[in-house]
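The values are calculated or read from the model by the stated rules, or taken from the named source; none is laboratory data. Treat the numbers as computed from the prediction; the structure is a model and nothing was measured. Ideal geometry is used to build each Cβ from the backbone, glycine not excepted, and the neighbour counts take in all protein chains shown. Just the protein is used for accessible areas: all its heavy atoms, side chains included, with ligands, DNA and RNA removed. Shrake-Rupley method; radii C 1.70, N 1.55, O 1.52, S 1.80 Å.
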Amino acid sequence: MTQSTQRLTAEVDGDFVVFLIGMRINKPWKVHKWLPVFLAMPRMLKELRGRPESGFLGYTMGFPVIVQYWRSFEHLEGYARGKDLAHWPAWVAFNKSVGGSRGDVGIWHETYRVLAGQYEAVYSGMPPFGLGKIGQLMPASGARESARGRIEAKTPAEALKPAASPEPALETV
C-alpha cells in the first residue's frame, strides 16, 4: 500500500455496518482453548474476500480487535448463520470447546448500523485504512476540512461548497 502525502477523507455509498470483533486470552497456558479461535478468523476473512456477493466490504486487522465493514446487518447475519460457511462450524466448535470454562478465552463483538452520511473520517500520511479501504478517498479540503464539514456533507455537490463560516482548523491529523 502506498502512503498518501495528502490529507484525505472517505465516502461510502449508502448505509453500511461496522462490526467489531475480538478475543481476549485469559489463560494463556490453555492454548488448546484459544488457538482454534485465533486461527479461525483468518480462514473466515479469506472466505469472505472471495465472496463479493456476501455483502462483506472489507476489514482492518488488529489484535485484539478486527474491524469489519458490511453492506447490511442482513448480510452479516446471513454469513454468521450460514451453515455451509466457515463461521458456523467455528462458532459451534467454540461453544462446544469452552463448555463451562468460558473464562479461559473471551470473545466479543459489537455491531453498528451506519446511515449514509452519518460518519466522518480523515487520514493524513496514511495508506488506505478503515473506511478509506472500502470507500472512495478524496481530499479533506474545502467543506471537508473539518470533522463537522465532513459529517454534514450530504451530497458531493454540497461537499464541494466552501464552509459558510470558516473556523480555524483544530484537527492535527
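Observations, loosely collected:
- Cut-off under 5 Å, modelled amide H: who pairs with residue 140 long-range: 7, 8, 9
- Protection proxy ranking, highest mean first, for peptides 56-62, 106-112: 56-62, 106-112, where packing is the per-residue count of other beta-carbon atoms within 10 Å, averaged.
- Apportionment of accessible area to carbon and sulfur, segment 1-70, percent (1.4 Å): 60 percent
- Summing charges over all other residues whose Cβ lies under 14 Å from the Cβ of residue 133, with Lys and Arg as +1 and Asp and Glu as -1, gives 0.
- Calculated [222 nm] ellipticity per residue, helices only, for the chain: -9000 deg cm²/dmol; basis is -39500 (n - 2.57) per DSSP H run with n ≥ 4, divided by all residues, nearest 500.
- Alpha-carbon centroid distance for the pair segment 29-107 / segment 135-150, whole angstrom: 33 Å
- Among the listed values (1) 1.24; (2) 1.01; (3) 1.29, the one computed from these coordinates for Cα Rg over 2.2 N^0.38 Å is (1).
- The calculated FRET efficiency for residue 20 paired with residue 84, based on their beta-carbon distance and R0 = 35 Å, is about 0.85.
- The residues of segment 1-120 have, on average, 61 Å² of accessible surface per residue, using a 1.4 Å probe with all protein chains present.
- Cα-Cα over 26 Å, subset of 46/133; 30/96; 27/96; 46/83; 30/83; 27/133: 30/83; 27/133
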